[in-house]
Amino acid sequence: MKPNIGIADSHMLEVAKLLNVLLADEFVLYAKTRNYHWNVTAPNFMELHKFFEAQYEELDEIMDSVAERIRQIGHYALGSLQSFAKETRLTEGQDETTASKMIASLLDDHETIIRQVRNEIDVVGNDHKDAGTADFLTGILKDHEKMAWMLRAHIN
Ligand SMILES: [Fe+2]
């Protein structure tokens with residue numbers, strides 16, 4: 001049953017498309033962070049191992065909330081690895097071999113998402129009249145800003 005929440009169908013469709021691309025980005029960044037949790041080697045291995053774990057757990061919650069937001073506006077969330085790989089704006093890249101390259105790669109991805117989401121908050125709120133999703137995306141923006149700060153703090 002279609003939501004009757006005062007947003008035109010065409011606008012909900014556009015917002016859902018945009019959120020599905022974000023979902024793909026979140027999934028790719030989740031997988032990358034989990035990869036680094038497993039494969040990092042460093043003198044402070046245990047610290048980084050746990051740090052990456054805390055970050056992928058947070059990404060797990062974010063992507064769940066993005067998928068559920070898509071359902072709230074009447075559309076289906078992407079759910080296959082193939083579709084995530086196709087839709088994402090991030091590049092998985094090579095397997096990084098050093099902890100500092102891993103941290104730089106994750107930071108770059110978070111900052112890419114932050115720049116895109118910041119722009120989309122205006123598009124969703126102004127062009128598509130979806131104040132709920134604009135507010136939701138503002139929360140996501142702040143979550144990524146915090147994770148980006150924690151990554152950046154590892155770099156001199
Ligand atoms: Fe683990």
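The values are calculated or read from the model by the stated rules, or taken from the named source; none is laboratory data. Predicted model, so just to flag it, every value in this text is computed and none were measured. Just the protein is used for accessible areas: all its heavy atoms, side chains included, with ligands, DNA and RNA removed. Shrake-Rupley method; radii C 1.70, N 1.55, O 1.52, S 1.80 Å.
Here are a few things to note about the model shown:
- Relative to the longest principal axis of the Cα atoms of the chain, the long axis of helix 99-122 makes an angle of roughly 20 degrees.
- Solvent-accessible area of Ile121 with every protein chain in place, 1.4 Å probe, in Å² to the nearest 10: 30
- Diffusion coefficient, µm² s⁻¹, Stokes-Einstein with Kirkwood Rh over alpha-carbon pairs of the stretch 1-94 at 37 °C and 0.692 mPa s: 225
- Members of Lys2/Lys142; Lys17/Lys86; Lys17/Lys146; Lys101/Lys142; Lys50/Lys101; Lys86/Lys129 lying beyond 21 Å, as alpha-carbon distances in this model show: Lys2/Lys142; Lys17/Lys146; Lys101/Lys142; Lys86/Lys129
- Part-to-part distance (alpha-carbon centres) for the stretch 61-138 and the stretch 1-57, which is given in Å: 6
- The stretch 42-156: Cα Rg divided by the 2.2 N^0.38 Å rule of thumb: 1.18
- The Cα-based radius of gyration of the stretch 72-139, divided by its Kirkwood radius, gives an Rg/Rh of 1.07.
- The stretch 1-100 - percent of accessible surface contributed by carbon and sulfur, probe 1.4 Å: 52
- Relative to the dominant Cα principal axis of the chain, helix 45-72 is inclined by about 10°.
- Residue-normalised accessible area of the chain, expressed per residue, 1.4 Å probe, Å²: 55
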